[in-house]
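**Q** Dropping a structure here in structure tokens format, bear with me for questions.
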Amino acid sequence: MPPDIRKVDPGEFLRTRAQIPVVDVRSPGEYSYGHIPGAFNIPLFDDMQRAEVGTLYKKEGSEKAVLRGIDLAAPQMSAKPEMALELAHDRELLVHCWRGGMRSEAMAWLFTTGGIKPVLLEGGYKAYRNFILNDLGRNRKFIILGGLTGSGKTGILKHMMTTGRQVTDLEGLASHRGSAFGALGQPTQPSSEHFANLLHDDLSGKEDNSPVWLEDESRNIGTVFMPDNFYALMQTAPVIALMMSVEIRMPRLIEEYTTFPADQIEASVIRISKRLGGDRTREALDALKRGDYGTAIRITLEYYDRSYNYGLSKRAAGQVIYVNTDTDNVAVNAAKVTEAARGIL
């Protein structure tokens, strides 16, 4: 690697990306599984080439692996600086691979032949991951918005954002609404690894001197698992629990879920059949077949309400502030929970 190519630690790398684009030179599969948000992928190897070079390295050593890597990369060698030039800002790029080793150094050299000034991430994506996971465990001011299923918590948080409150939309980042029905109408979920990347990116834009509102969630949101240290902070944060009757919640739930095909809703009910019990599951499925969504929703709410209330009861004394409401109006309920939080700010 030319001696004038600079390397920076993850903190500086992330601060600098506001001005300079990031290029991830790992394989497309690595990038797809998890990457620095906003990074562009210009891979040195495709997935099959990476596997071939890696196998050769393990079996026959670095020299043969490097020579084979050169052969594999050669046909696309000229295209890569062209792609990089299209992305570069004032001919500068931030570049990284997995560990900050041969792939990023080779690509950095290649980019310099096109007149680009690359800056490398010391320790690569692995160092970035260690950095953000540690930072996600840093003590922050969180307030958790809780409430029974169908209380409109996501809508309330979105409304609060319009009034200047800091909100991180965990379900939006996870592409899942949190229950057995949460995948309906949602895009494919990110990996847990990439969720953490997105989460850190979101929180990095928040002010430390003001609280961040989060929706109450289980450790996993669909197939996405939250980082342990971040989830531990959520478990100790104050909770504002919005409580409303089934009758108030029912219209929202019917409106939301009757737009999906019946077979998808039935599959979601079956996923929680062990928790509902055999008889109640059959009753819910029979109700769906009759088009009686109200009965099916009431049956599932029996489980979700009981489970959520139990979870709240296990919180520390004084941690939960209960807010009763007799309306489904998002703005009214946003004002109620904001007012309830004044005592803990």
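The values are calculated or read from the model by the stated rules, or taken from the named source; none is laboratory data. None of these values were measured; they are calculated from a predicted model. All Cβ positions, glycine included, derive from the backbone under ideal geometry; neighbour counts span all protein chains shown. The area values use the complete protein model at the heavy-atom level, side chains included, leaving out ligands, DNA and RNA. Shrake-Rupley method; radii C 1.70, N 1.55, O 1.52, S 1.80 Å.
**Q** What is the sum of charges, Lys and Arg at +1 and Asp and Glu at -1, for the other residues whose Cβ falls under 15 Å from the Cβ of G29?
**A** Working: positive: R26, R50, R103; negative: D24, E30, D46, D47, E52, E193.
Surrounding charge for G29 is -3.
**Q** Once amide H atoms are built 1.01 Å from N in the peptide plane, which residues 5 or more positions from K117, or in another chain, come under 5 Å H to H?
**A** Close amide H contacts, sequence-distant or interchain: E92, L93.
**Q** Normalise the Cα radius of gyration of segment 117-276 by 2.2 N^0.38 Å (N = residues in it) and let me know the number.
**A** 1.16
**Q** Same structure again: Using only the alpha-carbon atoms, how far is helix 124-136 inclined from the longest principal axis of the chain? Give it as 0 to 90 degrees, nearest 10.
**A** 30
**Q** Residues of segment 73-104 with amide nitrogen under 18 Å from the 7 Å Cα-to-Cβ point of T55?
**A** Inside the label zone: 73.
**Q** Just to confirm the number: angle between the C-alpha axis of helix 293-313 and the first principal axis of the chain, 0 to 90 degrees, nearest 10?
**A** It works out to around 80 degrees.
**Q** Then there's this: Can you give the charge dipole size of the chain about its Cα centre, rounded to the nearest 20 debye, using +1 on the beta carbon of Lys and Arg and -1 on the beta carbon of Asp and Glu?
**A** The calculated dipole for the chain is roughly 680 debye.
**Q** A follow-up question, please. Stretched out fully, how many nm does the piece from A317 to D201 gain, at 0.36 nm a residue minus the Cα gap?
**A** 38.5 nm
**Q** Can you list residues from other chains, or at least 5 along the same chain, whose modelled amide H is less than 5 Å from the amide H of I143?
**A** The list, which skips near neighbours in sequence, is V212, W213, L214.
**Q** Now, a different point. Quote the relative contact order of the chain in percent (integer), defining contacts as alpha-carbon pairs under 8 Å separated by 6+ residues.
**A** Once divided by the residue count of the chain, the mean separation gives 17 percent.
**Q** Separate question: Given Cβ point charges of +1 (Lys, Arg) and -1 (Asp, Glu) and nothing else, what value in debye, to the nearest 20, does the dipole of segment 108-259 about its Cα centre take?
**A** For this selection, approximately 160 debye.
**Q** What's the Cα-based Rg to Rh of segment 9-51, Rh via Kirkwood?
**A** Result for segment 9-51 is an Rg/Rh of 1.04.
**Q** Name the long-range amide H neighbours of F225: under 5 Å, sequence gap of 5 or more, or other chain; modelled H, no Pro or chain starts.
**A** Sorted by chain and number, the residues that satisfy this are S192.
**Q** Find the centroid of the Cα atoms in segment 174-214 and in segment 241-265, then give the distance between the two in whole Å.
**A** 22
**Q** Work out from phi, with θ = phi - 60° and the Karplus expression 6.51 cos²θ - 1.76 cosθ + 1.60, the ³J(HN,Hα) of each residue of segment 276-283, listed in order in whole Hz, and give x for Gly and Pro.
**A** Working through the residues one at a time gives 6, x, x, 5, 5, 5, 4, 4 Hz.
**Q** Further question: Calculate, axis by axis, the spread of Cα positions in the chain along the three principal axes, and write the results as whole Å, longest axis first.
**A** 68, 46, 33
**Q** In whole Hz, what ³J(HN,Hα) sequence does segment 106-120 give by Karplus (6.51, -1.76, 1.60; θ = phi - 60°), x for Gly and Pro?
**A** Values, residue by residue: 5, 5, 4, 4, 4, 5, 5, 5, x, x, 8, 9, x, 10, 9 Hz.
**Q** Rounded to the nearest 10 degrees, what's the angle between the helix 246-257 long axis and the longest principal axis of the chain, both from Cα atoms, 0 to 90?
**A** Helix 246-257 and the main axis of the chain meet at about 40 degrees.
**Q** May I ask for the distance between the Cα centers of segment 277-345 and segment 34-59, given as a whole number of Å?
**A** 46
**Q** How much solvent-accessible surface does K158 expose, in Å² to the nearest 10, with a 1.4 Å probe and all protein chains in place?
**A** Approximately 110 Å² for this residue.
**Q** Would you check the accessible area of Y31, probe 1.4 Å, heavy atoms only, in square angstrom rounded to 10?
**A** 50
**Q** Now for a different question. Mind giving me the FRET efficiency for D47 and Q235? R0 is 25 Å, r the Cβ-Cβ distance, nearest 0.05 is fine. Intermediate values should be presented prior to the final figure.
**A** Values: r = 38 Å, r/R0 = 1.53.
Computed FRET efficiency for D47 and Q235 comes out at 0.05.
**Q** Take the Cα radius of gyration of segment 31-161 and divide it by 2.2 N^0.38 Å, with N its residue count; two decimals is plenty.
**A** 1.46
**Q** If you don't mind, another one. For the chain, what is the accessible area per residue in Å², given a 1.4 Å probe and the full set of protein chains?
**A** 50
**Q** If you take the charge dipole of the chain about its Cα centre, with +1 on Lys and Arg Cβ and -1 on Asp and Glu Cβ, which of M244, G164, T16 is farthest toward its positive end?
**A** M244
**Q** L203: net charge of surrounding residues, Cβ under 14 Å, Lys/Arg +1, Asp/Glu -1, itself excluded?
**A** -2
**Q** Per-residue ellipticity at 222 nm for the chain, helices alone: DSSP H runs ≥ 4 residues times -39500 (n - 2.57), over residue total, nearest 500 deg cm²/dmol?
**A** After summing the helix terms and dividing by the residues of the chain, the value is -15500 deg cm²/dmol.
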